[in-house]
Amino acid sequence: KGKSKTVWVCSDCGYDDGQWWGICKQCNGVNTMKRFSEGVEHFTSGFEVLENVTRSWLPHQSVRAMPTKLTDVNKGINQSNWRIPLSGLFGAEVGRVLGGGLVPGCLVLIGGDPGVGKSTLLLQIAAIVAEGCDMGGPAPVLYVSGEESIEQIGNRADRMRIGTDELFLYASTDVEDILEKTQTLSLRALVIDSIQTVYLRGVTGSAGGLSQVKECTEVLLRFAKKTNIPVFLIGHVTKSGEIAGPRVLEHIVDVVLYMEGEKCSSHRLLRSVKNRFGSTDELGVFEMSQSGLQAVSNPSEMFLSEQQSDSEFLAGLAVTVIMDGSRAFLIEIQALCVAGSSVSRQVNGVQAGRAEMIISVLIKQAGLKLQENGVFLNVVSGVSLSETAGDLAVAAAICSSFLEFPLPVGIAFIGEIGLGGEIRTVPRMDKRINTVVKLGYKKCIIPKSAETSLSALDLGDTEIVACRNLKEMINIVF
Ligand code: TYD
Ligand code: MG
């Protein structure tokens, strides 16, 4: 039994101090410092707790490992067995985003907004891994939910026509209990829905808090590494767009995938933002149907159908790619030019000064008679455009509305506009173009000076058109 000394621990982040503070010095949480007077091992986020947990469900640790020669390591890895392939169209799409299949013992985090379809995606993945068509027959997969009852999950599986024999469901939030249950099953994979609902006994803070989320993830990582069982974690994304219980989580896990989709659209994107075993340029495209997610094998058709259905809005609509951290997003910019309007300019989502500059350049350098027009600009779905990479799309949208010429479907614009009407390159051209290509766009207009960054890219069926200035762009597109 440890010494009975008093320590104050933040219930949110686990920071400890010998003295009480009204505000946690580490996370600035108000009134979160709680008094502890037990032995130190009960609250230090530290390894005593973890060791106890792992000891309870894992066989004894083997003798300390020694440094190994690279050549010996590689002899041990049978290249063809290195990844578990996922079968079917859906499996192939998921496998591609994972970097070519599932790596044994990997810890995968799948983040996304509530309701985007994470549980649906993981239930389907769990089912195909359990069926194991390309893995030598069925084997158990455990889907643990801390959010829904097993009846609810069962209902969903039923609607999706999943009837896999080897799929096990379990409702629990206690990590030790969950890992104990895995021992009786000889699992092929484990799914935890979600990391914010599970907790570890002996770690301070409530489930979903920073220290719980972090410690649980560490334990699950050890579990994955020691057993070689791949583990999927679902993580909710907070309003600020991060996986709740933060970036630290992204550092712990091997692979981070984000699931994205608009509320009004049935399309879902699965994007790899971190992958210790593969490239992060992969993008999976799915459609949410009555019976779950279906892979969209030809994404260009998806854009065609979507845009043709509301063809009356086509004039004045242009697409560009913006970056958010390491992720590339497509956004649509709408423009409306009205002759003799009493309102001269109205912009939404674009900086007013930037919009004014682009309009002036269009008047002066491209000869558009926008002076007598009211110009309205809007970024669809309320995103705000803070990058100059969207300039070219803003200009194209204005031209399209002014000339009443609908832009052809499947075209994207990337580039900054200078005062002379010249089109300039922007950072991360390769990432942006890659996204356009992966989504099956037919054409992408880029700055002439960015052509050099294309050499290493697989352009698929996308035609890349490099333009020096606005006039050239207008001649080519309109
Ligand atoms: P869900 O996987 O529960 O989202 P998350 O786990 O990310 O919160 O799915 C949410 C939405 O998906 C829900 O609004 C219903 C819809 N959905 C379908 O359209 N088809 C389906 O087959 C399923 C299972 C769900
Ligand atoms: Mg869910």
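Laboratory data are not the source of any read-out in this text; all were calculated from the coordinates shown. For clarity, every value in this text was computed on a predicted model and none was experimentally measured. Cβ: placed from backbone, ideal geometry, glycine included. Neighbour counts: every protein chain shown.
Quick notes on this structure:
- R0 of 56 Å, Cβ-Cβ distance Val73-Lys364: FRET efficiency to nearest 0.05: 0.30
- Cα→Cβ-extended label distance, 7 Å offset, between Ser455 and Ser289, nm: 4.4
- The ranking of Phe329, Phe232 from fewest to most other beta carbons within 10 Å of each one's beta carbon is Phe329, Phe232.
- Among Asp134, Asp458, sorting on how many other beta-carbon atoms sit within 10 Å of each Cβ, with the fewest leading, yields Asp458, Asp134.
- Nonlocal amide H pairs with Cys467, under 5 Å, H built at 1.01 Å: Ile446, Lys448
- The string of couplings for segment 372-379 from the Karplus curve (6.51, -1.76, 1.60, θ = phi - 60°) is 8, 10, x, 10, 10, 10, 8, 9 Hz, one whole number per residue in order, with x for Gly and Pro.
- Arranged from fewest to most other beta-carbon atoms within 10 Å of their beta carbon, Thr280, Thr204 become Thr280, Thr204.
- In loop segments of segment 181-231 as defined by DSSP, the trypsin sites (Lys or Arg not before Pro) with at most 16 further C-beta atoms inside 10 Å of their C-beta are Arg201.
- Using 0.36 nm per residue and subtracting the Cα-Cα separation, the extra length available between Met66 and Asn31 on full extension is 7.9 nm.
- Loop-resident trypsin sites (Lys or Arg not before Pro) (DSSP state other than H, G, I, E or B) in segment 373-447 with no more than 12 further Cβ atoms inside 10 Å of their Cβ are absent.
- Potential extension, Asp165-Ala339 segment - 0.36 nm per residue separation minus Cα distance: 56.1 nm
- Computed from phi, the 3J(HN,Hα) profile of segment 280-290 under the Karplus parametrisation 6.51, -1.76, 1.60 (θ = phi - 60°) reads 9, 8, 7, 9, x, 10, 10, 10, 7, 10, 4 Hz, with x in place of Gly and Pro.
- Once the chain from Asn348 to Asp174 is taken as fully extended at 0.36 nm per residue, the excess over their C-alpha distance is 57.9 nm.
- In order along segment 174-186, phi translates into HN-Hα couplings of 9, 4, 4, 4, 4, 5, 4, 5, 5, 5, 7, 9, 6 Hz, rounded to whole numbers, per the Karplus curve 6.51 cos²θ - 1.76 cosθ + 1.60 with θ = phi - 60° and x for Gly and Pro.
- Taking label points 7 Å from Cα along the Cα-to-Cβ direction, Phe478 and Ala92 give a separation of 4.2 nm.
- Each of Thr184 and Ser279 was given a label point 7 Å from its Cα along the Cα-to-Cβ line. The distance between the two points is 4.5 nm.
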